[in-house]
Structures are given as structure tokens and as C-alpha cells.
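J.: Shown below is the structure under consideration.
The values are calculated or read from the model by the stated rules, or taken from the named source; none is laboratory data. These numbers come from a predicted model, not from an experiment. Note that each Cβ is placed from the backbone with ideal geometry, even for glycine, and that neighbours are counted across all protein chains shown.
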Amino acid sequence: MAHEAGEVAHEAAHTSSEYIKHHLQNLTWGQLPDGTWGIAHSAEEAKAMGFWALNLDTVIMSLLLGAVIMFLFRRVAKSVISGTPGALQNFCEWAIEFIDTSVRGSFSAKNDLVAPLALTIFFWVFSMNLMDLIPIDWVPGVMGLLGVPFFKVVPSTDPNATFGMAIGVFALVLYYSIKMKGFGGFVGELTMMPFQSKNKVVQLLVVPINLILEGVNLIAKPISLALRLFGNMYAGEMIFILIALMGGAWAGFSAGGVTLFGSQILLSLGWAIFHILIVTLQAFIFMTLTVVYLDMAHQEHH
């Protein structure tokens with residue numbers, strides 16, 4: 001009897017592990033082990049594809065959400081009225097005013113690109129994060145019926161997406177740092193700070209130290225920007241998966257099953273409501289740090 005109970009527990013643990021791995025696996029396209037190109041049907045195949053593999057679900061959802069945002073704002077811009085605005089126009093005006101106020105508080109230089117960039121980043125990241133509130137089994141279940149093995153609906157839980165956005169911001173930071181300070185000024189900022197001296201010999205000694213410190217500080221910006229968003233959203237998705245697992249386990253009880261399943265629903269609903277704050281906060285943080293980094297790139301240090 002004890003042996004049979006152990007076998008059941010082992011099977012349940014194995015099934016739970018497979019469930020988690022399935023929901024955390026991206027729909028990956030690349031070169032298969034046999035040399036052909038196609039979609040990976042297992043985590044092992046996806047791993048074997050290497051660096052040049054493409055996560056199709058991340059690309060599809062990112063582009064789709066970006067298109068939806070542009071469509072909504074374009075629709076409001078074309079139908080804007082000066083009288084009593086509709087709900088969508090009122091929301092867009094409020095959002096633009098909120099972003100503009102945030103940018104004015106964080107960006108001291110003059111650049112017409114920064115405010116539109118901040119608006120785009122906030123709503124794009126927010127829409128990606130918002131997909132985490134869709135019930136965890138809905139989209140993978142539908143895609144499974146269509147023959148698609150995996151599909152992650154939250155792009156910001158893929159480090160490729162978060163690092164892609166962070167690298168784009170980093171490229172802008174480098175561009176404006178060199179544009180505003182000149183190449184010599186940018187290099188001087190990396191090599192002549194924070195330690196300074198009028199003595200030429202001391203300068204030669206502190207330049208490598210300054211370069212290491214400032215170089216690490218510079219590289220840390222895109223890394224922290226990407227990992228902060230990825231880590232928070234990945235953790236949130238993992239909690240939703242664990243809650244779904246608990247619901248599946250509780251639903252199997254005959255005695256008190258309704259009560260336990262109802263508790264699971266309340267737990268899931270409570271986490272979803274709390275997660276709305278995380279979704280919004282992470283989008284705001286990503287936007288604010290982008291503006292702050294661009295402001296630092298526009299400042300000249302003497």
C-alpha cells in the first residue's frame with residue numbers, strides 16, 4: 001500500500017514538473033538536430049538550436065500588442081474632438097499628460113524624442129505585462145488544439161524581449177552621450193572620473209581604475225533594466241502556474257472539493273488584483289529609468 005502511494009506521489013510530481021516546463025517553454029524556431037529548420041517540439045530541441053533560435057511567440061505577441069497600441073492611439077488622434085471627449089480619448093489625453101509630467105520631472109535637457117519614446121515604452125511594456133492576467137491555460141490550450149506545441153503569451157517573461165528593449169535604450173544612451181559630449185568627452189567621462197588628479201603620473205594610474213568602474217556602471221544599465229522587468233514578470237507567471245497546479249490538485253478531492261476549489265479561485269483572484277500593481281509599476285519603472293539614463297547621457301561633466 002505504501003509502495004502504491006509512493007508511486008502515485010511520484011507520478012503526480014512528474015506530471016506537475018512537466019506542466020511547469022510546458023508553460024515556461026517558448027515556441028522556438030531554428031535549426032533542428034537533423035539539419036532542417038523548423039519548430040522545436042521539446043525543450044531539448046529548443047536548447048540544441050543555440051543562439052540563432054527565434055522565439056516565435058515572443059515576436060508575434062510583441063508585434064501584435066505594438067500594432068494594437070498604435071491603432072488605438074491613431075484612431076483617437078484622427079477622431080479627436082474639442083468638446084466633451086469620449087472615454088478612449090479621455091484616457092489617452094490623461095495618459096499623455098501623465099507621461100509628459102513624468103518626463104519633465106526626470107529629463108532636464110531638450111529633446112523632442114524622449115516624451116514619445118517614454119509613451120511608447122510605457123504602453124508597450126504595460127500591454128506585454130498585462131497578458132500575464134490571462135488565465136494560464138487558455139492560450140496554450142487553444143494553441144495545442146491547433147497543433148502548436150508551446151505558446152507563452154507574456155513577452156516580458158522572455159529575457160530575449162527584455163534584453164532587446166534594454167539594448168535599444170542602451171544604443172540611444174551611447175548615441176546621445178557621444179553626440180552631446182563628443183567622442184573625446186565621452187571617453188574622458190569614462191577615464192577621468194570618479195578619481196581625478198592634476199598630477200600626470202597619478203592620472204595614468206587612475207585611468208584604468210576609472211575605466212573599470214565607469215565601464216561596469218555603464219554596462220550595468222541595460223542589464224539591470226532587462227533583468228528587473230524579466231525577473232518580476234517571470235516570478236509572477238510562476239506563481240500563477242503554481243496556483244493553477246494547486247487548483248488542479250484541490251479539484252480532485254471529493255470531500256470538501258468545492259470549498260478547496262473556491263479557495264483556489266479566491267487565491268488566484270487576489271494575486272491577479274495585486275499583480276495589476278506589479279504590471280503597471282514595472283512598466284513605469286522601465287520608462288522612468290529610460291528617461292533618467294537619457295538625461296544622464298545629455299549632461300556634460302566637467
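J.: Quick one: is residue 290 modelled with pLDDT under 80 and either more than 22 Å from the chain's Cα centre (by Cα) or not in a loop (DSSP other than H, G, I, E, B) (or both)?
T.: no
J.: Are any residues in region 47-77 closer than 20 Å to residue 143 by Cβ and free of Cβ contacts under 8 Å to residues at least 12 places away in the same chain, and if so, which ones?
T.: 59, 60, 63, 64, 67
J.: Being touching a residue at least 40 places away in the same chain (Cβ under 8 Å) and of a type in the set (Val, Ile, Thr) narrows it down to one residue among 167, 134; which is it?
T.: Going through 167, 134 in turn, the sole match is 167.
J.: Now for a different question. Residues 153, 125: which one is in a loop (DSSP other than H, G, I, E, B), buried (at least 16 other Cβ atoms within 10 Å of the Cβ) and of a type in the set (A, V, I, L, M)?
T.: 153
J.: Now for a separate question. Looking only at region 76-101, filter to residues that are among the hydrophobic types (A, V, I, L, M, F, W, C) and in a loop (DSSP other than H, G, I, E, B); which one of those is farthest from residue 290 (Cα to Cα)?
T.: Taking the candidates together, the pick is 81.
J.: Same structure again: What single numbered condition from (1) in a loop (DSSP other than H, G, I, E, B); (2) within 27 Å of residue 269 (Cβ to Cβ); (3) in contact with an Asp or Glu (Cβ under 8 Å, 6 or more places away or on another chain) fails to hold for residue 109?
T.: Every listed condition holds for residue 109 apart from (2).
J.: Here is a follow-up. Residues being among the charged types (D, E, K, R) and either at pLDDT 85 or above or within 19 Å of residue 238 (Cβ to Cβ) (or both): count how many of those fall in region 1-56.
T.: Total meeting the criteria: 6.
Listed here are the residues, each with its yes/no results for (1) within 30 Å of residue 20 (Cβ to Cβ); (2) aliphatic (A, V, I, L, M); (3) surrounded by 13 or more Cβ atoms within 10 Å (Cβ to Cβ); (4) out of contact with any Leu (no Cβ under 7 Å at 6 or more places or on another chain).
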| residue | (1), (2), (3), (4) |
| --- | --- |
| 159 | yes, no, yes, yes |
| 163 | yes, no, yes, yes |
| 166 | yes, yes, yes, no |
| 189 | no, no, yes, yes |
| 199 | no, no, no, yes |
| 203 | no, no, yes, yes |
| 209 | no, yes, no, yes |
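J.: Let me ask you something else. In this structure, is residue 193 within 20 Å of residue 292 (Cβ to Cβ), modelled with pLDDT of 85 or more and aliphatic (A, V, I, L, M)?
T.: No: the conditions fail for residue 193.
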